[in-house]
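This report refers to the structure that appears directly beneath it.
The values are calculated or read from the model by the stated rules, or taken from the named source; none is laboratory data. What you are looking at is a predicted structure, and each value in this text was computed from that prediction instead of being measured. Methodologically, a virtual Cβ is constructed for each residue, glycine included, from the backbone with ideal geometry; neighbour enumeration extends over all protein chains shown.
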Amino acid sequence: MINEKVDQIFNIVLEELNSEFIGQETYFEALCQYFRKKIETETYGSLLLVGEPNTFKKNSVNSIFRHLNQSELLGPYELAEMDMENYEFKLGFNVFLTDLIHLLKSDVKGLIFKNIERASAQMLQILTAIEPLGKIQLEKPYTIRDMFLVEIEEAEQNIVDESYIETIECPDKYYIFSFNRRTNDQLSQFLEDHLTQCDQVLYTRELTKDEKLSMMQYILYKVLNDIEEAHQIKIKFNPKGQHGDAQIRSLYKYIASFEEHEKFSLMEYTRYKISAPLDKLLREKRNHSDAMYLYVMDNEIFCRLDEERYNLKDYVTASLSEVKYRLQTRTGLIAFKTFMAQIENNFKVQNIRKQMGLKTTVVNLNTVFTGNAGTGKSESAQLMYDYLLALGVLQSECFISVSQSDFMAENLNKLRENVRELFKKALGGMLFIDEISSIFDSEKNKASEAFIRALSEEYREYGNELVMILSGKDDEMLAMIESHGLEAVFPNRVHFTDYTPSEMYEKAVTYAGQKGYAIAPSLKDELIDLFDKTQIKEKKGLGNARFVRNIVDRAIAELRKQYLYNPDQVFDTLTKQHFNFKFSIDFDLESRLSNIIGLDDVKNLLRAQYKLLIAQEKRRSVGVYTEIEQNLNMVFAGNPGTGKTSIARLVAEMLSAMGFLKNGQLIEADRSGFVSDMPGETSKKTELKFKEALGGILFIDEAYTLASDAIGREAIETLLKLIEDYSKEVIVILAGYTDEMEAFFDVNIGLRSRFPLWTIFKDYVPGELFAMAKKLFKSKGFRISKKAESEMAKNFIDIYENADMQSGNGRLVRNYVENLIRIQSIRIAEEHTSANEMNVITATDIERYIFSDRNQDYNFNARLETYTGNSESKQYLLDFYKMLKINDLRKKRGYAVDLNKYNNMVFTGEMGTGKHKMIDLMGELLTNLGFIKSKKPYELNYEEILVNLEHGNALEDIFNKGIGRIILIDNADRLIFFEKFQSLMSSFIKFIDKNKQRTYFILNCSQEGLSTLFASYPSLAYRFPMHIHFENYSSEALQALISNELELRKYVLEAGCDEILKEALDELCQNKYMVLKNGLLAKQFLDYMIRMQSVRIFDGKEVQEKLMHIEAVDIINAKKKFMEKNT
């Protein structure tokens, strides 16, 4: 009787399986026969199921156990499941054993082991021993602690208690092992080595294309019918008059795009992508109409409900299996995949520790994504969000993705509010800030600092309630993280490398498929070759997804265009005729040059090179090959602000558009980008900087500074070798002052041959400066009245002739325009002006500019008035200023300059006589007139020089840091005591001669020592033509110094105190035991006076009334204290 009922059950199971699933009739028959026989003989067994993924292995076993359990004929007949993929992490084996023992002791009748091909060697050894009434011998003893199986330590192995486990008993049950077979699996070898205990092996077969389509039809209608019944709604397939059958086919195609994966059956995938999202949507929209339309557009499923369109992907709640599948099927992203696996492993370990009652740690998941644009950072941020949500790490379904335009604001308070609002929106979820490195431009310092402060403040308050990801380029991102102290806030780093050509091809195929197109397989090698051409050794700047999408999008556009003229061609396959593998020139040089004012010689050079390259390309296009190898390395010589960098960018754009550069980026660098203070690091640093420019142009500004010392020349040697090795992958442009660049090329004989193209950037003349200003005003939306235009032309002539050597360039124009707009804006704000005149620059504005400009110019005479030095030094400074101005004017007008080319000086005199004040004024003067770069002097004592020489340093290396500044050598006369004095002076003279145009020397000596120094090396005197002696200050001069300083500090001398101060200073100056003299004495005595006054005020009752008043008692007490300390 029981056997008849069992037969009835299996007949029902077999009928159900064959109706629901397609193509496995033989397998279903064998499976039912296996279990029918076991039940009839009242035995259990071990069964191995083998087949491709999604061939219904697990579904069929589930169906049998479900029907047997529901019949209650044989009592409870439940089936438990263990997925080997769930144990792929640290301590996974321990968890596996723990779960196995628990299920073996349970009342379930069957235990199915899924994905056994994913099991580790340790697990396979255990699985091979599992059979009814079998015994598993463990390699090491284990014990159960806090419900978790752990290995017993060696020291504890002699202690035996009830929880001591060496073997595991397998009760009478069904043990089913499911193996997902793939075409490259070594199945026979696997079966020989593992699972030999199985009493039968059953195989499913791979479904045909037609069988899969039939299966999709059945599944789709089943899940949609369930939705219709659950929500009392009719699902239709023809929105906006589209043919319903076409939409159904689109849905089939969408399901078919699912690449089979062991984690999903077709039914699970369809429910996951269509049924579950529809159910979620309809539950949210409770009062909906009785019909909805379902359709596919751009490979995404939409539904139209109550005249609103919804994308079903917005209603998908990602499962861990689906997210892992999406991640695994993504091309590339190796580092990110590894990172996510580590997160999952850590999460599982923390859960295990929690189960064991051990302490757990909260892991900071804030991460920095670095890499080029288009390498998958944004896509991976969404994947990471879905992954963490599926793991249960995130508390809410909230993914906020922003860039700087979403929160940056000029008002810093508003910026802080925006950042706080972002954090609040993302609480419980993830905040992704894309391309954040662009926030930290030099022009946005205040906003950058405000953003960092806001980010840090909000993190302190909300940091444990969300996960943050920052995305940007490598160098910019890492520098930003380090410089703002955010390492602890963002401890994780994931670098996204550029896609390889083969990966780019895979992405092209995938992207085309998402658009509904296939790429002809015959194009694989040609497309990989095309992508390879965009790659560069060690720098793959175009190896990214955006480039791939552009290539495919253009091919699709070409196919559509051709289809209009030839409707008979295949519409969904991209072939060779749709891809442009040919070189094309679409760069209009003349239109670009027409926007550049002046620089006629430079333009002619570019035109010549452009035509030469065009000619070469024309020859190649008709099969004519010549031996012309064009070296495009260039030298741009001229003053700052004459357009060198702008022209370099134009050259990069031109050569990139013409195909001679693979990327076309311009990397700007100067000496600091190549040399290193650390021994042996200069060549490495130079190579790294050079390789940033691979595929583009390396622009080295002030290149001549590399020739000034040994480490600079090391950089030159390295550059020459790199230029030779990468001659076809990078172009180098050197820039700098004309004279200095000429001298630079004399340093190394190999330089000139590698830089054949020279051009001089002449200073702009007044007419060109005026034209540039008009163009700039127009670009900013301003007009110039006729009278103002006339006055402005005259203004530029005046500026050009009377300003310093830096004036003949474009930077002056930008400053001029910005200042004039400011003046015009003030006038508009203060006066009543018609709307038509609000953007007009008038003659009145020019007049106001001229007046304000004169008042804002560097006023040397005013600065000189603050100098209290002796008359000789003041006169020299005034004369020196006049000489420099007239000399510059002569040069502008083309006259020869007939002056001593050395302006070095010697100072003599005691300490505190105003020498450093004069040096400061000299530095200001030379910097403002453009002769040196820094007003701060580079100070050396003779002892420092001698110590460096004794340690083997060359003299030029010692002086190198002072190039472009005033170099002050204190106690220079004592250099004569150096044993190699003559050799030292010879090197000194060479350095002076080499750097005379950009460095000024001042020797500070004693009177006697100066005579000895010049007598010991006479040619030194010629190079130091100016000698200034600084006399000691008189008591009157010291009083003037103190009085001026008190006035600056807002102090007031009480009546009668002037005489008391004079008497005190007389006494101090006449004291022959006084340690301090001159200005040092005045400075310290002033400090004593203020200190005494402060003490008196504090002890008295007149704090408010005379807070800044100096009285006689203060001077007297100060003198007393001062003499105690300094005599």
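Details
- Of the residues making up the range 17-37, those that are under 15 Å from TYR218 (Cα atoms) and in contact (Cβ under 8 Å) with a residue 12 or more places away in the chain number 5.
Residues checked against (1) part of a loop (DSSP other than H, G, I, E, B); (2) crowded, with 18+ Cβ neighbours inside 10 Å:
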residue: GLU1059; (1), (2): no, no
residue: LEU1065; (1), (2): no, yes
residue: MET1074; (1), (2): yes, no
residue: GLY1079; (1), (2): no, yes
residue: LEU1086; (1), (2): no, yes
residue: LYS1106; (1), (2): yes, no
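- Of residues in the range 91-110 being over 11 Å from VAL150 (Cβ atoms) and among the β-branched types (Val, Ile, Thr), the one nearest to the chain's Cα centre (by Cα): ILE101
- On inspection, LYS1050 qualifies as within 56 Å of the chain's Cα centre (by Cα), touching a residue at least 24 places away in the same chain (Cβ under 8 Å), over 30 Å from PHE988 (Cα atoms) and not assigned by TED's automatic domain parsing to the domain that holds ILE989.
- Identity of the residue in the range 922-961, surrounded by 21 or more Cβ atoms within 10 Å (Cβ to Cβ) and modelled with pLDDT of 85 or more, that ends up nearest to ASN639 (Cα to Cα): MET922
- The set of residues from the range 89-138 being in contact with a Ser or Thr (Cβ under 8 Å, 6 or more places away or on another chain), among the charged types (D, E, K, R) and over 25 Å from ASN346 (Cβ atoms) comprises GLU131, LYS135.
- Note on the range 1020-1034: residues that are surrounded by 19 or more Cβ atoms within 10 Å (Cβ to Cβ) and either in a helix (DSSP H, G or I) or touching a strand residue (DSSP E or B) at 6+ places or on another chain (Cβ under 9 Å) (or both) total 4.
- Close pairs from the range 477-489: first within 18 Å of GLY463 (Cβ to Cβ), partner assigned to a helix (DSSP H, G or I) and at pLDDT 70 or above, Cβ under 7 Å, at least 6 apart: HIS484/ILE452; GLU487/ILE481; VAL489/TYR459
- For the range 702-728, the set of residues classified as surrounded by fewer than 19 Cβ atoms within 10 Å (Cβ to Cβ), outside any helix (DSSP H, G or I) and in contact (Cβ under 8 Å) with a residue 40 or more places away in the chain consists of SER727 only.
- Hey, PRO132 in the same structural domain as LYS57 (by TED's automatic domain parsing) and not in a strand (DSSP E or B) or not: yes
- Selection within the range 393-429 - among the acidic types (Asp, Glu) and under 20 Å from the mean Cα position of the chain (by Cα): ASP406
- Selection status of GLY332, within 30 Å of the chain's Cα centre (by Cα), in contact (Cβ under 8 Å) with a residue 24 or more places away in the chain and over 26 Å from TYR87 (Cα atoms): no
- Residues of the range 673-729 satisfying the condition of being of a type in the set (S, T, N, Q) and under 23 Å from LYS961 (Cα atoms): SER676, THR682, SER683, THR686, THR705, SER708, THR718
- Taken together, the criteria exclude LEU564 from residues that are at pLDDT 65 or above, in contact with a strand residue (DSSP E or B) (Cβ under 7 Å, 6 or more places away or on another chain) and farther than 25 Å from LEU694 by Cα.
- Selection count where residues are in a helix (DSSP H, G or I), in contact (Cβ under 8 Å) with a residue 12 or more places away in the chain and farther than 18 Å from GLY712 by Cα, scope the range 945-986: 12
- Boolean, LYS135 is basic (Lys, Arg), modelled with pLDDT of 90 or more and over 16 Å from GLU166 (Cα atoms): no
- Check on VAL747, assigned to a strand (DSSP E or B) and assigned by TED's automatic domain parsing to the domain that holds LYS603: no
- In the range 387-395, the condition of being within 30 Å of GLU228 (Cβ to Cβ) and not assigned by TED's automatic domain parsing to the domain that holds ARG286 is met by at least one residue.
A quick yes/no check of all residues on (1) outside any helix (DSSP H, G or I); (2) β-branched (Val, Ile, Thr); (3) surrounded by fewer than 18 Cβ atoms within 10 Å (Cβ to Cβ):
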position: LEU383; (1), (2), (3): no, no, no
position: TYR387; (1), (2), (3): no, no, no
position: ALA390; (1), (2), (3): no, no, no
position: GLU397; (1), (2), (3): yes, no, yes
position: SER401; (1), (2), (3): yes, no, yes
position: ALA409; (1), (2), (3): yes, no, yes
position: LEU415; (1), (2), (3): no, no, no
position: GLU421; (1), (2), (3): no, no, yes
position: LYS424; (1), (2), (3): no, no, yes
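- The range 305-343, residues that are part of a strand (DSSP E or B) and of a type outside the set (Phe, Trp, Tyr): LEU305, GLU308, ARG309, ASN311
- Taking the criterion of being in contact with a helix residue (DSSP H, G or I) (Cβ under 8 Å, 6 or more places away or on another chain) and either farther than 23 Å from TYR325 by Cβ or part of a helix (DSSP H, G or I) (or both), the residues of the range 293-304 that qualify are TYR293, LEU294, TYR295, CYS303, ARG304.
- In the range 648-677, residue modelled with the lowest pLDDT [restricted to those that are among the charged types (D, E, K, R) and either within 24 Å of the chain's Cα centre (by Cα) or part of a helix (DSSP H, G or I) (or both)]: LYS662
- From the options ARG309, ARG304, ARG326, residue that is touching a residue at least 60 places away in the same chain (Cβ under 8 Å) and more than 30 Å from PHE547 (Cβ to Cβ): ARG304
Every residue, every condition in (1) hydrophobic (A, V, I, L, M, F, W, C); (2) within 26 Å of PHE56 (Cα to Cα), yes or no:
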| residue | (1), (2) |
| --- | --- |
| TYR272 | no, yes |
| LEU282 | yes, no |
| ASN311 | no, no |
| GLU322 | no, yes |
| GLN342 | no, no |
